[in-house]
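Input: a single structure, listed below in structure tokens.
The values are calculated or read from the model by the stated rules, or taken from the named source; none is laboratory data. Not measured: the values here are computed from a predicted model. No Cβ is skipped: glycine too gets one built from the backbone with ideal geometry, and neighbour counts run over all protein chains shown. With ligands, DNA and RNA removed, areas are computed over all heavy atoms of the protein, side chains included. Shrake-Rupley method; radii C 1.70, N 1.55, O 1.52, S 1.80 Å.
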Amino acid sequence: MAYAPSAPELPESFGQQLDEEARYTYAYPYGQPTNQLGSSGMFSPETHQDIVRSFESAGGNRSGFLDESELRHALSFSGYEGISNRTIRFLLFIYKSPAESLLRLGPKEYAELWNCLAQWRAMFDRYDSDRSGKMNALELRDAFYHLGYMLPSSVLQLIILSQLDDGTGNTVDLCFDRFLECGMIVKSLTEKFKEKDPGYTGYATLSYDAFMSMVIPFIASYD
């Protein structure tokens, strides 16, 4: 069973939010990130200036954090226009510090998100073969296969129906924000399942509590 994903990493803090005692460890495929915070809690000089400019454009340099509307502005400044409110809240939930009670991002969390989005965007562009800005069911299947997710056809079909059905029975294409959201959920649940299946057999025994702990955080982050 080859389901070891090569998708962009999620923040280590996300594992702490789901299970403080059994936190994830996420590999950085392009090397360990540099320290992006100075002693003041803001960005250090080696941080990419595009990250700093987008953070400051949304007012984060004044409060030290980005809330929902500010994050939307910062991402739009970085070229990620049109990301839905649902996906914005999902990203806030995934990337916020576990010590932070509010849905907002500091410089460190925003830098992690910014770098990860760039990698997801590159993957989306690679499999958006007709350059339409949208991904159809076939392109989504190919993207998951490239990421290392050997999903059963029944699971893939369920994903396609849930993400590409407009409620009328007609399939629609997937925009970047929905691809991002879908990919992060599949990656996170796969990583969590792998903790229960260290031999990569494709089977695991889970308690009811463990199962609910896997799924509920994603449901709770939505409207």
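Some points to look at:
- Checking each residue of region 92-102 against the condition of being among the aromatic types (Phe, Trp, Tyr), more than 13 Å from LEU180 (Cα to Cα), surrounded by fewer than 17 Cβ atoms within 10 Å (Cβ to Cβ) and under 14 Å from the mean Cα position of the chain (by Cα) gives at least one match.
- Residue in region 129-152 that is assigned to a loop (DSSP other than H, G, I, E, B) and of a type in the set (Lys, Arg) present: yes
- Residue count for region 176-206, restricted to those that are hydrophobic (A, V, I, L, M, F, W, C) and open to solvent by 30 Å² or more (accessible area, probe 1.4 Å): 5
- Residue in region 109-116 that is at pLDDT 90 or above, in a loop (DSSP other than H, G, I, E, B) and within 17 Å of PHE43 (Cβ to Cβ) present: no
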